[in-house]
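The values are calculated or read from the model by the stated rules, or taken from the named source; none is laboratory data. Everything numeric here is computed off the predicted structure, so don't read it as measured data. Cβ placement follows ideal geometry from the backbone for every residue including glycine, while neighbour counts extend to all protein chains displayed.
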Amino acid sequence: MANIAKVLKDEIARISRKEVKGVTLGIGKSNTALKKLVADLRKRVASLEKENKRLAAAARKAKPQAAEKPAEEQEKARFTAKGIRSLRNRLGLTQADFAKLVGATPHAVYLWEKKEGGLNLRDKTKTALLSVREMGAREAKAKLER
């Protein structure tokens, strides 16, 4: 009788191993595929980080030369409603076109022209207005067409 029990126990163990192997076979394949995907993504992240570092260094080198002079010029620049209105009229632009040229909304241009006293503008807007100040009417219209 002990012999039959041992044979049954061995057969049950063999069938159990076979069933477990069949069930876990799919998991092993997907696990391998995921490991390959993670390795590929790590390589891509490393190359992107390297590229980002290179671009940041290039931007740091270029930035101090270009940023120092306009910042000083921006602080000194004063904008008033009358000045904005006369600049827009000198260029022969509507409020909507002027807004497009400066990178603002037409309503913002309207508010700038109606406000009393000096205008408190963002640095980005000041930079845009300073560049528009140096333009002529033809140049402004050509830039708008682009």
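Pick out the one residue from Ala57, Ala128 that is more than 29 Å from Glu145 (Cα to Cα) and within 24 Å of the chain's Cα centre (by Cα).
Working: Ala128 fails: more than 29 Å from Glu145 (Cα to Cα).
Selected residue: Ala57, the only one of Ala57, Ala128 that is more than 29 Å from Glu145 (Cα to Cα) and within 24 Å of the chain's Cα centre (by Cα).
Is it true that Gln74 is modelled with pLDDT under 90, on the phi < 0 side of the Ramachandran plot and in contact with a helix residue (DSSP H, G or I) (Cβ under 6 Å, 6 or more places away or on another chain)? Even if it seems obvious, please write down each step before you answer.
Details: modelled with pLDDT under 90: yes; on the phi < 0 side of the Ramachandran plot: yes; in contact with a helix residue (DSSP H, G or I) (Cβ under 6 Å, 6 or more places away or on another chain): yes.
When the stated conditions are applied, Gln74 passes them.
Go through the residues of the stretch 47-70 one by one and say whether even a single one is out of contact with any Asp or Glu (no Cβ under 6 Å at 6 or more places or on another chain), surrounded by 15 or more Cβ atoms within 10 Å (Cβ to Cβ) and within 30 Å of Ala142 (Cβ to Cβ). Give the steps one after another, and end with the answer.
Within the stretch 47-70, the subset out of contact with any Asp or Glu (no Cβ under 6 Å at 6 or more places or on another chain) is 47-70.
Keeping just the survivors that are surrounded by 15 or more Cβ atoms within 10 Å (Cβ to Cβ) gives 70.
Applying the additional criterion that residues be within 30 Å of Ala142 (Cβ to Cβ) yields 70.
Checking the stretch 47-70: at least one residue is out of contact with any Asp or Glu (no Cβ under 6 Å at 6 or more places or on another chain), surrounded by 15 or more Cβ atoms within 10 Å (Cβ to Cβ) and within 30 Å of Ala142 (Cβ to Cβ).
Residues of the stretch 75-123 being of a type in the set (D, E, K, R), part of a helix (DSSP H, G or I) and loosely packed, with under 12 Cβ neighbours inside 10 Å, which ones? Steps first, please.
In the first step, residues of the stretch 75-123 are kept if they are of a type in the set (D, E, K, R); the result is 75-76, 78, 82, 85, 88, 90, 97, 100, 113-116, 122-123.
After this cut, where a residue has to be part of a helix (DSSP H, G or I) as well, the list is 75-76, 82, 85, 88, 90, 97, 100, 113-114, 123.
Listed by number, the residues that qualify are Glu75, Lys76, Lys82, Lys114, Asp123.
If I go through the stretch 105-125 residue by residue, how many of them are under 25 Å from the mean Cα position of the chain (by Cα) and touching a residue at least 24 places away in the same chain (Cβ under 8 Å)?
Residues that pass the stated criteria total 2.
Against the condition surrounded by 10 or more Cβ atoms within 10 Å (Cβ to Cβ), over 22 Å from the mean Cα position of the chain (by Cα) and among the charged types (D, E, K, R), how does Arg17 come out, does it pass?
Working: surrounded by 10 or more Cβ atoms within 10 Å (Cβ to Cβ): yes; over 22 Å from the mean Cα position of the chain (by Cα): yes; among the charged types (D, E, K, R): yes.
It is true that Arg17 is surrounded by 10 or more Cβ atoms within 10 Å (Cβ to Cβ), over 22 Å from the mean Cα position of the chain (by Cα) and among the charged types (D, E, K, R).
If you scan the stretch 124-146, which residues turn out to be among the hydrophobic types (A, V, I, L, M, F, W, C) and surrounded by 13 or more Cβ atoms within 10 Å (Cβ to Cβ)? Steps first, answer last, please.
Taking the stretch 124-146 and keeping what is among the hydrophobic types (A, V, I, L, M, F, W, C), we get 128-130, 132, 135, 137, 140, 142, 144.
Listed by number, the residues that qualify are Ala128, Leu129, Leu130, Val132, Met135, Ala140, Leu144.
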